[in-house]
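Here's the structure we're looking at; comments come further down.
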Amino acid sequence: MPGRPSSSRALPSSEPPPGPAVDFQHQTVLLHETVELLLPAEGRVILDGTLGGGGHTEALLARGATVVGVDRDPVALAAATARMGANARFQARQGNFADLPRVAHDLLPVDGVLVDLGVSSPQLDVAERGFSFMKDGPLDMRMGDSGQTAAELIASTDERDLAQLLRDYGEEPFARPIARELKKALPQRTLEAAEVVKRAVPRKAWPDRIHVATRTFQALRMAVNGELEALDALLAALPSLLKVGGRAAVISFHSLEDRKVKEAFRALVGGCTCPPGFPVCVCNSQGDFALVSKKAVAASEAEVEANPRSRSAHLRAVEKIR
Ligand SMILES: C[S@@+](CC[C@H](N)C(=O)[O-])C[C@H]1O[C@@H](n2cnc3c(N)ncnc32)[C@H](O)[C@@H]1O
């Protein structure tokens, strides 16, 4: 059962985050399902660790919650602030969700935490951000405004490690030849990198349904942004972020991410290991969390039709129960 709503809390005042305002169009995934799982209500404070265009946040605000949206991308923060900045129950903060214990230290513990992993459509669509193998731009791929670009990562990683990275993050079967060609060519532009991948993979082995460079670009993006490491840090921090009755919801788009979420949630929930028939539990292996739904929630057929990106979305949620 959810905890009682906390008393209504004014947000500490803050400067609007930096960054240019842009037209930011991102189609929110599993909107209704996510909002329902997070139990938004007046007085409940929710951290949206992947604010993006603010689609989830806006719906949570509409249900009366107070929402602090965190994103590492200043462009997303500026767009969300333009959309919802006038709402006194909303605040945007620049940061990494891996670092929520510090970024939101003044609000903890909270009633809800949401992360909707991956990139936003505007990040993919703007060629200069360097995420797309379909549009020419610098081979950048950083969601935020600091750290190594993808071109720098290729240059600074040796061939064997680069191949491992393509295997681990992209599940790329041609990791070795692609890494060899990338190290030879040291591409600086997205289309150049896509051509390198095309050269490295025999034509007859190109996948039917996706571009041959999809897995390589995904792996480079995940490495540049430390995506799995950020998820690990968030999952480890959940017990300290949530109050009793608080819920965490994670939307993932990749089997590696979903596996991490599933395993971390299972560990938080724990399980009694007392022999059957014991009248009371004495093993103390029961965790402080309960699963909100046994299986991952997937997008409906109608949503997949309207937004094909939702096809691979998995939503999982846990509640802190003691
Ligand atoms: C899929 S979009 C979120 C969309 C949002 N839920 C909506 O409905 O508009 C993911 C966002 O999370 C941000 N992001 C990804 N990883 C992050 C991290 N580790 N810390 C903070 N923001 C992150 C990206 O910059 C991007 O804006």
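When the residues of segment 33-85 are narrowed to those that are among the hydroxyl-bearing types (Ser, Thr, Tyr) and within 29 Å of Glu301 (Cβ to Cβ), which ends up nearest to the ligand (Cβ to nearest atom)?
Thr50
Only one of these conditions is not met by Phe217: (1) over 18 Å from the mean Cα position of the chain (by Cα); (2) closer than 27 Å to Met134 by Cβ. Which number is it?
(1)
Only one of (1) in a loop (DSSP other than H, G, I, E, B); (2) more than 16 Å from the ligand (Cβ to nearest atom); (3) within 18 Å of the chain's Cα centre (by Cα) fails for Ala299. Which number is that?
(2)
Take the residues of segment 86-96 that are touching a residue at least 40 places away in the same chain (Cβ under 8 Å) and assigned to a loop (DSSP other than H, G, I, E, B): which is nearest to the ligand (Cβ to nearest atom)?
Asn96
I'm checking my understanding of the structure. Among residues of segment 212-239 that are assigned to a loop (DSSP other than H, G, I, E, B) and in contact with a Lys or Arg (Cβ under 9 Å, 6 or more places away or on another chain), which one is farthest from Leu47 (Cα to Cα)?
Val212
Does Leu77 fit the bill of being in contact with a Leu (Cβ under 8 Å, 6 or more places away or on another chain), over 23 Å from Lys198 (Cβ atoms) and open to solvent by 40 Å² or more (accessible area, probe 1.4 Å)?
no
Hey, does segment 133-150 have a residue that's open to solvent by less than 20 Å² (accessible area, probe 1.4 Å), away from the ligand (no atom under 14 Å from the Cβ), assigned to a helix (DSSP H, G or I) and touching a residue at least 40 places away in the same chain (Cβ under 8 Å)?
yes
Does segment 240-249 contain at least one residue that is open to solvent by 20 Å² or more (accessible area, probe 1.4 Å) and assigned to a helix (DSSP H, G or I)?
Looking for residues that are open to solvent by 20 Å² or more (accessible area, probe 1.4 Å) and assigned to a helix (DSSP H, G or I), one finds at least one in segment 240-249, hence yes.
The values are calculated or read from the model by the stated rules, or taken from the named source; none is laboratory data. Small disclaimer: the values here were computed from a predicted structure and weren't measured. Because the Cβ atoms are built from the backbone with ideal geometry, glycine has one as well, and the counts that use them run over all protein chains shown. Only protein heavy atoms, including side chains, enter the accessible area calculation; ligands, DNA and RNA are left aside. Shrake-Rupley method; radii C 1.70, N 1.55, O 1.52, S 1.80 Å.
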